[in-house]
Amino acid sequence: MKLIANGNFARWLRITMFLGGVGIATGGLALELPPSAIRASAFLVGFALMALGGLSSNSHMLGIRPFDDSYRRARRSYMVTGSSRGKNEG
């Protein structure tokens, strides 16, 4: 079971984060028994999970891969080799 697939969160994780966030946020608003600080914290945690799941679904839909290692390939492409460095220096 992978958490990251193709540079993004796996599908099951995105859905679980979103639905779990909805449940926690709704529980934080609906329940009257816990103290208000716990209810507010539950709502904020639920909202954050919901946002994270929703934004990662959007990035998957747009083809954006935030957890990809493409920056390493870009860094290697900018490295200067020893032979080309001598030509530019006067």
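Quick note: the coordinates plus some simple rules give every number you see, no bench work behind them. All figures in this text were calculated on a predicted structure; none of them were measured in a lab. So basically every Cβ, Gly included, is an ideal-geometry build from the backbone, and we count neighbours across all protein chains shown.
Against the test of being aliphatic (A, V, I, L, M) and in contact (Cβ under 8 Å) with a residue 60 or more places away in the chain, the options Ile24, Ile4 yield a single qualifying residue, Ile4. Being hydrophobic (A, V, I, L, M, F, W, C), without any contact (Cβ under 8 Å) to a residue 60 or more places away in the chain and surrounded by fewer than 14 Cβ atoms within 10 Å (Cβ to Cβ) is a property that does not hold for Leu49.
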